[in-house]
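Below is one structure, written out as structure tokens; the observations come after it.
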Amino acid sequence: MRLPGGRIYLDCNATTPIAPEALADLQARLGECFANPSSGYREGRVAREVLERARGEVAALVGSLPGEVVFTGSGTEANHLALQSAVAGRSGRRRVLMSAIEHPSVIGQRERLEAMGGEVEELPVDPLGRLDLPRMDALMGEDVAVVSLMTAHNETGVLQPVEAVGAACRRWGSLFHTDAVQAMGKVASPWGSAGPDYLSVAAHKFYGPKGVAALIVREGAPVHPLLMGGGQERGRRASTEAVALVSAMGIAARLALDGLGAASALSATRDRLESKLVGRFGAVLFGDRAARLPNTTFFAIPGADAAALVERLDAEGFALSTGSACHSGRRGAPAVLESMGVADLAPAGALRVSLGRGTVPEELDAFLEALPRAIGAARV
């Protein structure tokens, strides 16, 4: 998508620009809905009505009940609330299984979960970046408190077998958490098909504002608040709700649900780009033989340093990344490729191009025209 000023933005998995409709709503609500939604007078009731309208819109995108939506400040907070609730709420079940390619906000909880008495084990993935289901099945047992598996990987875009994991968790009576932050708005929600007990979403990944997200908690799943001292969010998260942000998230959720068909159609544009990357530059693609998000390609250019390519392309007017912004600063083969056992195919790193609303083939043609110049300056 082309930004004001003419730069071309190709990093929609990192974040998306706020949709004009959501921005207009946010600006209006900041003035109109200043009241505390827990207050009983008219202004408070108006704020409460806006809050609950947005809760219903987020629930519609996910496919859940409105009462299952718990608003949080970020996807990271939602992931923390899910896993720590699962460990605290399942007496006698201590083991936590999570894939080796989870977002840092999941993997980074290991010490905290172990301090709570949990026993964290990482599950391997195959060379395509998909969870090793036989290995997970071998590790399942009646002592597993929760399994955490993202719906789609934020770098490779590979869709994970959440339906199979959900079914296994139900067989063993374990809780199931899926971080759907990267998937929401790009593919159909797994809430109904996979049956997770917890599902994390973040507004800024589907053209909403930053600073607001949600954990969807299936009725009956345990919730142990991280923030205490108030009865907000049905006692599941203390803090006065950010009504304006939540309202804009609701607008973005409604737009994302309406636009799922257009999001899916991006795969043809992505495939056209990949064909040219391979044909012209000998690019090595990662995860391309697995089902993926329709907007994502993750690749390496042999002999070119990925970080240097990003810098050169930035100077040429293109915004893309070497992978997840949460891994920024890392050089060399990305951690996900090490987990996949294919790190040797990208010793100098990999590039992620993630398309969004408004991305057109002409912008990718311009990117392909600029790429040879960047490669020439980025040879290792």
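Using a 10 angstrom Cβ neighbour count of at most 15 plus a DSSP loop assignment to flag exposed trypsin sites (Lys or Arg not before Pro), which longest range of the chain is free of such sites? Walk me through the numbers on the way to the answer.
Working: sites that count: 7, 210, 289, 330, 331.
Result for the longest clean stretch: 8-209.
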**Segment residue 133-residue 272, extension gain: residue separation times 0.36 nm, minus the distance between their alpha carbons** = 46.9 nm
**Item:** Dipole of the chain, positive end: most advanced residue of 103, 75, 240 [Cβ charges, Cα centre]
**Value:** 240
**Asked** Does anyone have the angle between helix 306-315 and the longest principal axis of the chain? Alpha-carbon axes, 0 to 90°, nearest 10?
**Response** 90
**Request:** Would you be so kind as to identify which of 215, 148, 31 lies farthest towards the positive end of the dipole of the range 20-258, taking Lys and Arg as +1 and Asp and Glu as -1 on Cβ and the Cα centre as origin?
**Result:** 31
**Asked** Taking only C-alpha pairs under 8 Å that are 6+ residues apart, what is the relative contact order of the range 19-133 in percent?
**Response** 14
**Asked** How far is helix 243-258 tilted, in degrees, relative to the longest principal axis of the Cα atoms in the chain, given as a value from 0 to 90 rounded to the nearest 10?
**Response** 60
**Asked** Mean separation of Cα pairs under 8 Å and 6+ residues apart, divided by the residue count of the range 20-258: what relative contact order is that in percent?
**Response** 29
**Prompt:** So what's the back-of-envelope 222 nm ellipticity for the chain, counting only DSSP H runs of four-plus at -39500 (n - 2.57) apiece and dividing by all residues, rounded to 500?
**Reply:** -12500 deg cm²/dmol
**Complete:** Excluding residues fewer than 8 positions from residue 186 in its own chain, the lysines with Cα under 21 Å of it are 205, 210
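Every number in this text was worked out from the coordinates using simple rules, so none of it is lab data. The model shown is predicted, which means the values in this text are computed figures rather than measured ones. FYI the Cβ positions are ideal-geometry reconstructions off the backbone, even for glycines, and counts take in every protein chain you see.
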